[in-house]
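Report on the following structure.
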Amino acid sequence: MNQREAEWVAHLIRDGFNHYRQQFQAITRQAKRCFEAADWQAIQHLSAQRIDLYSTMVDQVSDRIVAEVEDSLDTALWLASKAHYHKNMNYQEDAELGETFYNSIYCRLLKHRQISDQYMFLHSPSLCHDDGADQIYRRYTLTDGLVAFLNQLLEDYRFAVPWENKRRDISNLLRYIRTQFPEEMVDDGIVVDVIRTVFFRNKGAYIVGRVNFATRSVPFILPVLNNESDGVYIDTVLVDENDVSIVFSFTRAYFLVDVAVPAAFIRFLHSLIPMKSIAELYNAIGFYKQGKAEFYRDYVQHLAASTDQFEIAPGTKGMVMTVFTLPSYPVVFKIIKDRFSTSKKITRDGVIGKYQLVKRHDRAGRMADTQEFVNFSLPRKRFSKRLLDELLSVAASTVDIVGDEVVIKHLWTERRMIPLNIYLDEMLRQNNEQAVYLAIHEFGQCIKELAAANIFAGDMLFKNFGVTRHGRVVFYDYDEIMYLTECHFRDIPEALYPEQEMAAEPWYSVSTNDVFPEEFSLLTACDRRIRKVFNELHGDLLDPIWWTNIQTEVSKGAIIDLFPYRTGHRFNR
């Protein structure tokens, strides 16, 4: 190793990162044009293209280093390269992203071994840039009155297509504001901060900001929709922190939003939604690798500050994955088992492929995002004997004990939720009929909204769904998912004689991808109260006609409206 070689590696990685950022921004900036043209499929294509871009650029830079450097595994090379790289990146406005890109190259070449702050940027401070606030948001006052402010806001955030009815939108906003904040709006000192760039996702554009009253700040989101004819319009306004949080949920596709100074941008977002972690916010705006890095740093800090032990996660044990958690940390760790239940017709590579599909696909607010890790190290002393015995029993090929560490060769992390079967059992025990009703309504809506996004969940037992802190039901077991358009929905043929119905095996032929919706009635056979609610709210899911109708729409390329807020919030047009 020589210093010139180390400096060359540092410059190569920096140039690769800058090229990645340029392409990332170029893809992102196309979203506005696609929204204005109502080209919804193009927006979804941009989202998937941008996700793929990171690994493509990491592979290109890594392959170049292997080709040009005699010993790319020399730790002395990386020790020196890190120093050069830090010096080169120190003044970039996206330095934290650049450090993570460097880490990805290092891990790619060193096979995720020798993870150390000596050679990587493991402990770089989050949100390291304090400048750039003026690039993040516009500031408005209400000196000339509320109507003048709203008129200027819609002028500043106009699109290439006109407002469908600007006067009506302003009237709707005025009525809402005066109803929600009747006393606070009389204050002349109100200041409104609005993020300069618009957030795009699927069929929506979102104007995001905050209102600074005398004693508090209130976040707001203005969803803008395209009527697909001759104009755009404000669909509603969201000011409740929970509603704002759901728009930025870990169950939704990443926003396409142009960000010049990521750290300052995230700091502003975090001031709006403090209940969201820094990692979740980086994920939400498409920097999912930075989200992974921030999650890891937060996890390490939490581990050092806590004493509880990892344990098997609550819920029914999976047939494909084994899952554990740290009770004091809101995340589960998922590992593929060495052997699957005989009822599962999938391979290990197939499972990995399903998780990659979910990463790239529109999650429709109904599938949990995940982060994938290789050679993830955990302190052995934090494992209960029961959990360690379980892991070594069902996933021995993936779990190694190295000294005082438990090293897991491959796992996913995912936000912890209450398994739906456990939630329903508890609500039934408490005779909480309203909670059961809402949960079953959410369960059916989850299945329907996934179908609208061209996803068939496959194994739809309650144990494969979770309940979030907002009461939303989310699907999180991906080994049997498939595209809805690949399914063949059928009626169960009538039996020719009674003995056929009593047989252990079906009396009719079943081909690959055949689905019999009538069998979904078994999902609710556990309790008559659950069955009654399900049949009342979502009995159409038991009919193949419902499925073939939605399949036809999706096959035509239709992008069906799935709002990240309750339809009751929408303004009357």
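For the reader, a short list of remarks on this structure follows.
- Check on residue 469, in contact (Cβ under 8 Å) with a residue 12 or more places away in the chain and basic (Lys, Arg): no
- Top-ranked residue of the range 273-299 - restricted to ones that are open to solvent by 50 Å² or more (accessible area, probe 1.4 Å) and in a helix (DSSP H, G or I), ranked as nearest to residue 263 (Cα to Cα): 289
- Residue within the range 65-74 that is under 30 Å from residue 167 (Cβ atoms) and part of a helix (DSSP H, G or I) present: no
- Complete set of residues in the range 364-394 that are in a helix (DSSP H, G or I) and open to solvent by less than 10 Å² (accessible area, probe 1.4 Å): 387, 391
- Residues (under 15 Å from residue 203 (Cα atoms) and either touching a strand residue (DSSP E or B) at 6+ places or on another chain (Cβ under 8 Å) or hydrophobic (A, V, I, L, M, F, W, C) (or both)) located in the range 38-53: 38, 40, 42, 43, 46, 47
- A single entry from 81, 126, 62 fulfils the requirement of being modelled with pLDDT under 90 and either among the polar types (S, T, N, Q) or not in a loop (DSSP other than H, G, I, E, B) (or both): 126.
- Subset tally (residues that are within 23 Å of residue 43 (Cα to Cα) and surrounded by fewer than 14 Cβ atoms within 10 Å (Cβ to Cβ)) for the range 543-552: 1
- Candidate set: the range 59-72, residues that are within 29 Å of residue 356 (Cα to Cα) and open to solvent by 60 Å² or more (accessible area, probe 1.4 Å); chosen: the one farthest from the chain's Cα centre (by Cα): 67
- Qualifying positions in the range 437-466 - free of Cβ contacts under 8 Å to residues at least 60 places away in the same chain and part of a loop (DSSP other than H, G, I, E, B): 457, 458, 459
- Here residue 266 fulfils each of the conditions (1) under 30 Å from residue 180 (Cα atoms); (2) out of contact with any strand residue (DSSP E or B) (no Cβ under 8 Å at 6 or more places or on another chain); (3) open to solvent by 10 Å² or more (accessible area, probe 1.4 Å); (4) not aromatic (Phe, Trp, Tyr) apart from (3).
- Test: residue in the range 170-181 that is more than 32 Å from the chain's Cα centre (by Cα) and surrounded by 15 or more Cβ atoms within 10 Å (Cβ to Cβ): yes
- Lone unmet requirement of (1) open to solvent by less than 20 Å² (accessible area, probe 1.4 Å); (2) under 29 Å from residue 168 (Cα atoms) for residue 229: (1)
- Answer residue from the range 322-363, given it is open to solvent by less than 10 Å² (accessible area, probe 1.4 Å) and hydrophobic (A, V, I, L, M, F, W, C) and is farthest from residue 404 (Cα to Cα) among those: 358
- For beta carbons closer than 7 Å, sequence separation of 6+ or different chains, a first residue in the range 24-53 that is farther than 24 Å from residue 292 by Cβ and open to solvent by 30 Å² or more (accessible area, probe 1.4 Å) and a second that is assigned to a helix (DSSP H, G or I) and not acidic (Asp, Glu), the qualifying pairs are 30/46.
- Residue match in the range 302-309 (condition: of a type in the set (Ser, Thr, Tyr), open to solvent by 40 Å² or more (accessible area, probe 1.4 Å), over 20 Å from residue 465 (Cβ atoms) and without any contact (Cβ under 8 Å) to a residue 40 or more places away in the chain): yes
- Listed by first and then second residue, the pairs linking a residue in the range 474-491 that is open to solvent by less than 40 Å² (accessible area, probe 1.4 Å) to a residue that is assigned to a loop (DSSP other than H, G, I, E, B) and acidic (Asp, Glu), with Cβ atoms under 9 Å apart and 6 or more places separating them unless they lie on different chains, are 477/459; 479/459; 481/459.
- Scanning the range 515-570 for residues that are of a type in the set (Phe, Trp, Tyr) and in contact with a Ser or Thr (Cβ under 9 Å, 6 or more places away or on another chain) yields 534, 563, 565.
- Criterion: among the aliphatic types (A, V, I, L, M), within 22 Å of the chain's Cα centre (by Cα) and closer than 26 Å to residue 260 by Cβ - qualifying residue of 37, 10, 42: 42
- Yes/no for residue 359 being in contact (Cβ under 8 Å) with a residue 12 or more places away in the chain, more than 30 Å from residue 441 (Cβ to Cβ), assigned to a helix (DSSP H, G or I) and among the basic types (Lys, Arg): no
- Test for residue 401: is it aliphatic (A, V, I, L, M) and surrounded by fewer than 14 Cβ atoms within 10 Å (Cβ to Cβ): yes
The rows are residues; the columns are (1) of a type in the set (Val, Ile, Thr); (2) open to solvent by less than 40 Å² (accessible area, probe 1.4 Å); (3) over 19 Å from residue 448 (Cα atoms); (4) in a helix (DSSP H, G or I).
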residue: 471; (1), (2), (3), (4): no, yes, no, no
residue: 554; (1), (2), (3), (4): yes, yes, no, yes
residue: 558; (1), (2), (3), (4): no, yes, no, no
residue: 562; (1), (2), (3), (4): no, no, no, no
residue: 571; (1), (2), (3), (4): no, yes, yes, no
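- Exactly one residue among 56, 141, 75, 100 is under 25 Å from the mean Cα position of the chain (by Cα) and surrounded by fewer than 19 Cβ atoms within 10 Å (Cβ to Cβ), and that residue is 56.
- Checking each residue in the range 84-93 for being modelled with pLDDT of 90 or more and surrounded by 22 or more Cβ atoms within 10 Å (Cβ to Cβ) picks out only 85.
- Looking only at residues in the range 327-341 that are of a type in the set (Phe, Trp, Tyr) and assigned to a loop (DSSP other than H, G, I, E, B), the one that is nearest to residue 393 (Cα to Cα) is 340.
This table checks each residue for (1) open to solvent by 90 Å² or more (accessible area, probe 1.4 Å); (2) at pLDDT below 85; (3) of a type outside the set (Phe, Trp, Tyr).
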position	(1), (2), (3)
495	no, yes, yes
505	yes, yes, yes
508	no, yes, no
511	no, yes, yes
514	no, no, yes
517	no, no, yes
532	yes, no, yes
535	no, no, yes
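- Candidate set: the range 444-469, residues that are touching a strand residue (DSSP E or B) at 6+ places or on another chain (Cβ under 7 Å) and surrounded by fewer than 21 Cβ atoms within 10 Å (Cβ to Cβ); chosen: the one farthest from residue 201 (Cα to Cα): 463
The values are calculated or read from the model by the stated rules, or taken from the named source; none is laboratory data. Source: prediction; values computed, not measured. Because the Cβ atoms are built from the backbone with ideal geometry, glycine has one as well, and the counts that use them run over all protein chains shown. In case anyone asks, the SASA skips ligands and DNA or RNA and just uses the protein heavy atoms, side chains included. Shrake-Rupley method; radii C 1.70, N 1.55, O 1.52, S 1.80 Å.
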